Every structure is written in C-alpha cells, then in structure tokens.
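No lab work stands behind these numbers, since they all come straight from the coordinates. Fair warning: this is a prediction, and the values are worked out from it, not measured in the lab. When we count neighbours, we look across all protein chains shown, and the Cβ atoms used for this are built from the backbone with ideal geometry, even at glycine.
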C-alpha cells in the first residue's frame, strides 16, 4: 500500500527515529502479504511514548484516520477510511531487535534476536476454569450473550494451551463447543463440551481439575 512508503519516508525525516522494521502478523507461508498484516516498528531516541503521541496526531491529520487505540505501551492501531489498518509500534533504540524470524529491518541497526517471553501456562489454565464458571453462572442468570462470550473464551484458552504444549499453532476439533442457539439446553450442552475439551487438554499436561463435573448443571 502507498501509505507504507509514506510512513517510512516520514520516519526517515524524523530526527527522533533511528530505525524501522516490519514484522508479519497472521500470514502463512505462501500467502500474499498485505500492509494490513504488517506491524511497522520504529526505533526512537529516548522514551517511545512522546513520539507515539506525536505520530498519532500526524496520522489523524494527514491520513484522515477514523479511529485508533492503544494495543500495548508504545503500540497503536489505526483504522483508515479505505478499511485498511495501520499497526505502529515505537521502541527505544536499545530495544530495537527481532523477537522472531518474521522481522525485516528496513533501515537502521537492529540488535540480535531476542528470546520471546514464555507463555504463562498457569494463567491460561486459570482463565480457562474462570470462564467455565462464568459461563455456568451466566446460564443460571439467563445472560444469554454472556454465555456465548464466556464459552468462546474457554475455547480460546484451550487452543492456547494446546499450542503451548505442541510448540506451534493448532486447530483442535472444537466445533461442538459452539453455541448453536440461545436455548438453555443448548447452552448447557456447549458448556459441557467446552469444559470437556479443556479437561482433555489439561490431562495432556497432567493437570486435573474435573471441570466437566464442576460446571455440570441439573435440568
């Protein structure tokens, strides 16, 4: 997209920016790359926050940004009128280094490859049982859409745990955990399937919580 070239030109003219790189997000080998799938990372002199604030104003003024929000400290996502999104991250120059092999330095000097922080398995497990209990309570209270949301989050934690165990992305067969209607019986069925799938994954890593029994509901 043309905006990529515009942003890189702005970066090269910005005295606070010392380097730029892209990382690919959500692209499989062989897929066509689009700018909306890239994160553009800038190395900056000094703290990153003031530079990000200044660039946020520039993008809103120059490109007619419809909306933007912070993803994490130093990183912001912008929605353009074209329907594309721009993902910008700013890091102090000392932290300008790749964390995986999708990194591509555009200009400047990047540091050596950094090890990614390990995923917190206990946190994933905790979120899994927490959302099971939330779903059970939502069924009791008749909060239909909260049931759907909570069961979806149980599914997310199950997939994350499986990916962590296997060391890669995974596509477990979890279709049965989808809530197919807002009928109470269907919500119970989907929660039972979700809790069972999470229990099976926990058994693979030798953790036993008995979630299926914990969320069991009487008719």
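Net length available on complete extension from residue 209 to residue 75 is 44.5 nm, with 0.36 nm assigned per residue and the Cα-Cα distance removed. Multiplying each eigenvalue of the alpha-carbon gyration tensor of the chain by 5 and taking the square root yields semi-axes of 42, 21, 15 Å, largest first, rounded to whole angstroms.
Here the relative contact order of the range 121-214, from alpha carbon pairs under 8 Å that lie six or more residues apart, stands at 29 percent.
Relative to the dominant Cα principal axis of the chain, helix 121-141 is inclined by about 60°. Label separation (residue 156 vs residue 144): 2.3 nm, computed from points 7 Å beyond Cα along the C-beta direction.
As a length-normalised measure over Cα pairs under 8 Å and 6 or more apart, the relative contact order of the range 2-107 settles at 32 percent. Can you tell me the 0 to 90 degree angle between the C-alpha axis of helix 2-13 and the longest principal axis of the chain, rounded to 10? So the inclination is approximately 60 degrees. Relative to the longest principal axis of the Cα atoms of the chain, helix 144-166 runs at roughly 70 degrees. Classify the range 2-107 as rounded, prolate or oblate from the Cα gyration tensor: take a ≥ b ≥ c as the square roots of its eigenvalues, call it rounded if a/c is under 1.5, otherwise prolate when a/b beats b/c and oblate if not. Since a/c reaches 1.5 but b/c is at least a/b, the shape of the range 2-107 is classed as oblate. What does the helix-only formula give at 222 nm for the chain: each DSSP H stretch with n ≥ 4 adding -39500 (n - 2.57), the total divided by the residues, and the result rounded to the nearest 500 deg cm²/dmol? Mean residue ellipticity at 222 nm (helix-derived): -14500 deg cm²/dmol.
Look at where the Cα atoms of the range 51-122 and of the range 126-154 average out, and the two centres are 33 Å apart. In plain terms, the chain from residue 49 to residue 66 could stretch by 4.0 nm, reckoned as 0.36 nm per residue minus the Cα-Cα distance.
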